[in-house]
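These notes are about the structure you will find just below.
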Amino acid sequence: MAGVSSCMKYTMFIFNFLFWVCGCIILGVSIWLRVSKSAQGQFNIDSSLYSAVDVLIAVGSIIMVLGFLGCCGAMKESKCMLLLFFIGLLIILLLQIAAGVLGGVYKNQVQDTMKKALSEQIKLLQSSAGINKQFREEFHKFEIENKCCGVLNGVEDWGNNKQEYQGCACEKQDQGTDFCKGSQYKTPCSEVILELIKKNMIIVMGVAFGLAFIEILGMVFSMILYCQIQNK
């Protein structure tokens, strides 16, 4: 009977130990962000971002569990743990593929949903409440930096606050350029935001392909080790 390859065994262990450490870091940091008031203030995390932090907690937990199964499965030569590790990676890979397909099929619907979400921010721009002043100031800085105006409807999105924030007035160096229509920036900021998301999607796709490669590598290693244990 053929024995279990020590090289494969320890490569699998090291790979999954690093995987487990990454999971511990993600889980620890996300829990800290979730429960620490000082961390939430430092990183400007409010109740609207709690769902993103909760997702990170779930991701960190899953990575930790998979890393543990891979490490113990390799060192203890446990077929059960290796099989669970393989199934876990396979499910994650299939979910990634499904998310990619759905994202491509429902691309227009996703954009419409994002525009609806952005339209909710118009209320904050038009609000006179002091609690929303920081948002208005930050959005006005975004307008200047990205040479855009309002969310969806230009300067009208500012309502009665348009005089206070100079009504999307073009900076001197931008006057007379394609960015301006008269003395105001003409492009709605929603178009700029959607364009930024499209550009960043290339990075997201690159990360997704990188993760898929690592997952397939882990699946191959676990199955080879599983078969070697089976034949031992």
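Things worth noting here:
- Per-pair calculated FRET efficiency, R0 = 30 Å: N160 and A212 via Cβ, rounded to 0.05: 0.05
- Too-long pairs where the Cα-Cα distance tops 32 Å, listed order kept, from K37/K141; K37/K162; K133/K172; K123/K186; K116/K141: K37/K162
- Here the spin labels are modelled as points 7 Å beyond Cα on the Cα-Cβ line, and at E77 and L194 they lie 5.9 nm apart.
- If the convex hull is drawn through the Cα atoms of region 154-231, its volume per residue in Å³: 133 Å³
- In this rough spin-label picture, where each label sits 7 Å from Cα along the Cβ direction, the A99-N153 distance is 3.5 nm.
- Debye-formula intensities of region 84-160, expressed as log10 I(q)/I(0) at q = 0.15, 0.23, 0.24 Å⁻¹, are -0.67, -1.02, -1.07 (one equal scatterer per alpha-carbon, no solvent).
- Rounded percent of accessible protein surface that carbon and sulfur make up, the chain, 1.4 Å probe: 66 percent
- Against the chain, whose longest principal axis is taken from its Cα atoms, helix 189-231 shows a tilt of about 0°.
- Normalised by residue count, the chain yields a Cα convex hull volume of 154 Å³ per residue.
- Take region 78-232 with all the other protein chains still there, run a 1.4 Å probe, and you get 64 Å² of accessible area per residue.
- Contact order normalised by residue count of the chain, Cα under 8 Å, 6+ apart, percent: 26 percent
- Estimated FRET transfer efficiency when R0 is 30 angstrom, pair W32-V65 (beta carbons, to 0.05): 0.90
The values are calculated or read from the model by the stated rules, or taken from the named source; none is laboratory data. What you see is a predicted model, and the numbers here were worked out from it, not measured in a lab. Quick reminder, even Gly has a Cβ in these numbers, built from the backbone with ideal geometry, and neighbours come from all protein chains shown. Ligands, DNA and RNA are excluded from the accessible area calculation, which covers all protein heavy atoms including side chains. Shrake-Rupley method; radii C 1.70, N 1.55, O 1.52, S 1.80 Å.
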